[in-house]
Amino acid sequence: MAAKTGLPLQMFGRRLVHLRSSVTSQNISALRLFSTEKQPEEAATTEQKASEASPEVEKLTKELAAAKEQNAELLDKYKRSLADSENMRNRLNKQISDAKIFGIQSFCKDLLEVADTLGHATQAVPKEKLSGNADLKNLYEGLSMTRASLLQVFKRHGLEPLDPINQKFDPNQHEALFQKEDKTVEANTVVEVTKLGYKLHERCIRPALVGVSKC
């Protein structure tokens, strides 16, 4: 009985193994078929999505390029505006500084006439008569002291005389009234000063009236 019972069990086990192998082979074939069928569908879907996204990407790329160009243009305008503002600020500061320094220019020019008059008055006094005339001497000394005090005031405010005797003629600081023969100096040398010039902080506000040597 045991032998008879074992034979059907062995046969049943073999059929079960065969059935499992058959099912596994069918499943693998089905999976391969399914995979083969799905790949073209997925590829088509991917290509469709790429074709649909391409115009959107192109549009965004153009918008990005336009935004970058606009940003560069605005940045350039901003830098130019800053440069213009800085230049204007520097010009205004210089104008304010010049106004502080040269604001007294007109007033100085008027006082120069006073200094010239005092100079002419002291030069007109005969030096040989000073010792014999006390009143004339006192007047001369008073005029000299007044002129010297006025020149000190000029100097404190940056106003200084220009006496270009024996200097090379400079059209920016001298005004030639005549030419004079003088072989002891080079041509275009100042040999005579008719009226002193004046400069205010290195700016000539009145040229010296001079005579120069001939070429």
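If you count the DSSP beta bridges with both ends in segment 175-215, what percent of them are antiparallel, to the nearest 5? All intermediate terms of the calculation are to be shown ahead of the outcome.
Details: 7 of 12 bridges.
Once the DSSP bridges in segment 175-215 are tallied, antiparallel ones form about 60 percent.
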Worksheet, complete the sentence: What the Cα atoms of segment 138-207 span along the principal axes, largest first and in whole Å, is 40, 31, 17
Worksheet item: Under the Karplus relation 6.51 cos²θ - 1.76 cosθ + 1.60, θ = phi - 60°, what is the ordered set of whole-Hz ³J(HN,Hα) values for segment 138-150, x standing for Gly and Pro?
Response: 5, 5, 4, 5, x, 5, 5, 5, 5, 5, 5, 5, 5
Response to the item:
Along segment 118-135, Karplus-curve 3J(HN,Hα) (6.51, -1.76, 1.60; θ = phi - 60°) to the nearest Hz, with x for Gly and Pro, reads 5, x, 5, 5, 5, 6, 7, 6, x, 5, 6, 8, 5, 6, x, 9, 5, 5
Discussion item. Apply the Karplus curve 6.51 cos²θ - 1.76 cosθ + 1.60, θ = phi - 60°, to the phi angles in segment 156-170 and return the couplings in whole Hz, x for Gly and Pro.
Written reply: 4, 9, x, 9, 10, x, 10, 10, x, 4, 6, 9, 5, 4, 10
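How much of the accessible area of segment 61-157, in percent, comes from carbon and sulfur atoms when a 1.4 Å probe is used? Write down the numbers at each step before the final one.
Numbers: 4350 of 7650 Å².
The value for segment 61-157 is 57 percent carbon and sulfur by accessible area.
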Fill in: Estimated distance in nm for a label pair at Asp76 and Gln123, the labels positioned 7 Å out from Cα along Cα-to-Cβ
6.4 nm
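Go through Lys155/Lys199; Lys100/Lys195; Lys100/Lys155; Lys100/Lys199; Lys94/Lys155 and tell me which ones have a Cα-Cα distance over 18 Å in this structure.
Working: Lys155/Lys199 10 Å; Lys100/Lys195 28 Å; Lys100/Lys155 16 Å; Lys100/Lys199 16 Å; Lys94/Lys155 23 Å.
Where the Cα-Cα span goes over 18 Å, the pairs concerned are Lys100/Lys195; Lys94/Lys155.
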Worksheet item: For the modelled label position 7 Å from the Cα of Lys137 along Cα-to-Cβ, which residues of segment 84-124 have backbone nitrogen atoms closer than 19 Å?
Response: 122-124
Worksheet, complete the sentence: The answer for the per residue Cα convex hull volume of segment 72-154, in Å³, is 91 Å³
Item to complete: At 7 Å along the Cα-to-beta-carbon direction for both Thr146 and Lys109, put a label point, then send me their distance in nm to one decimal.
Response: 2.5 nm
Worksheet item: Can you give the FRET efficiency for Glu69 and Lys94, using 1/(1 + (r/R0)^6), R0 = 35 Å, r = Cβ-Cβ distance, to the nearest 0.05?
Response: 0.40
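The values are calculated or read from the model by the stated rules, or taken from the named source; none is laboratory data. What you see is a predicted model, and the numbers here were worked out from it, not measured in a lab. With ideal geometry, Cβ positions are generated from the backbone for all residues, glycine too; neighbour counts draw on all protein chains shown. Only protein heavy atoms, including side chains, enter the accessible area calculation; ligands, DNA and RNA are left aside. Shrake-Rupley method; radii C 1.70, N 1.55, O 1.52, S 1.80 Å.
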